[in-house]
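Scroll down for the structure; my scribbles are underneath it.
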């Protein structure tokens, strides 16, 4: 009797083992677990998982970019001072006639709201202290040292600079007397300096610019009837404009 019970019990155990093994064979692959999956992601030896909607797209993690030694290069674009070059479009103002570069100074003149103008005085000057006698900045610096200024300055290239407004009295003539007996010519005149040395003569473009400027002044101030040289109104003190051909004045 005991032997029969042991046989039956052994048979039941064998059947139970067979049932357990058969069930494990039918567990779906997606339900299987992997004991070697690390906590922070997929195990290195785990099979690649392909999602139902297609292959996965790899995510590229860029390494952080640290500071470099390359710094942005800035190009200084200085504002042109027009020492001896020509004007640019940004600082040129059209008047009734030739273009005029505005370079107004704070010295060598007296402010006025208006005045009567009937005379134009032509001068010559150059930078006697600097290395370049035809430096516009240099000659203006000399004007400042002396406390004088013309209304206009024409450089060797024919560029016209306005230093003092027409309505203001510029200190350009000094002690002076017109042929009609009037003194203090600054009060009723416009002064124009032609940049030249006493050993040179005005250039062709300077004559052209001077004629154009005087013509525009005549249109603006119809009362102008005198165009004279500095030496005409101060013959004892002055000899300029130097080597000037008055026949080239229109």
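Please treat every number below as a calculation from the coordinates, not as lab data. Model, not experiment: these values are computed from the prediction. Cβ sites come from the backbone with ideal geometry, for glycine too, and all protein chains shown count toward neighbours.
Between the alpha-carbon centres of the stretch 200-250 and the stretch 145-171 there is a gap of 14 Å.
Against the globular-protein guess of 2.2 N^0.38 Å, express the Cα radius of gyration of the stretch 172-234 as a ratio, rounded to two decimals.
That works out to 1.21 for the stretch 172-234.
Between residue 237 and residue 116, what is the FRET efficiency for a Förster distance of 22 Å, r being their Cβ-Cβ separation, to the nearest 0.05? E between residue 237 and residue 116, to the nearest 0.05, is 0.30. Translational diffusion of the stretch 135-250, estimated by Stokes-Einstein from the Kirkwood radius over alpha carbon pairs at 10 °C in a medium of 1.306 mPa s, is 108 µm² per second.
So how do 97-104, 133-140 stack up, highest first, on mean other-Cβ count within 10 Å?
Numbers: 97-104: 16.9, 133-140: 19.4.
Final packing ranking: 133-140, 97-104.
Compute the FRET efficiency between residue 105 and residue 245 as 1/(1 + (r/R0)^6), taking r as their Cβ-Cβ distance and R0 = 22 Å, and round to the nearest 0.05. Don't jump to the answer; show the numbers that get you there.
On the way: r = 29 Å, r/R0 = 1.33.
Between residue 105 and residue 245 the formula returns 0.15.
When peptides 202-212, 107-117 are ranked by their average number of other Cβ atoms within 10 Å per residue, the highest-first order is 202-212, 107-117.
If the chain linking residue 177 and residue 219 were pulled fully straight, counting 0.36 nm for each residue of separation and taking away their Cα-Cα distance, it would gain 12.6 nm. Hull volume per residue, based on the alpha-carbon atoms of the stretch 203-250 and their convex hull, is 80 Å³.
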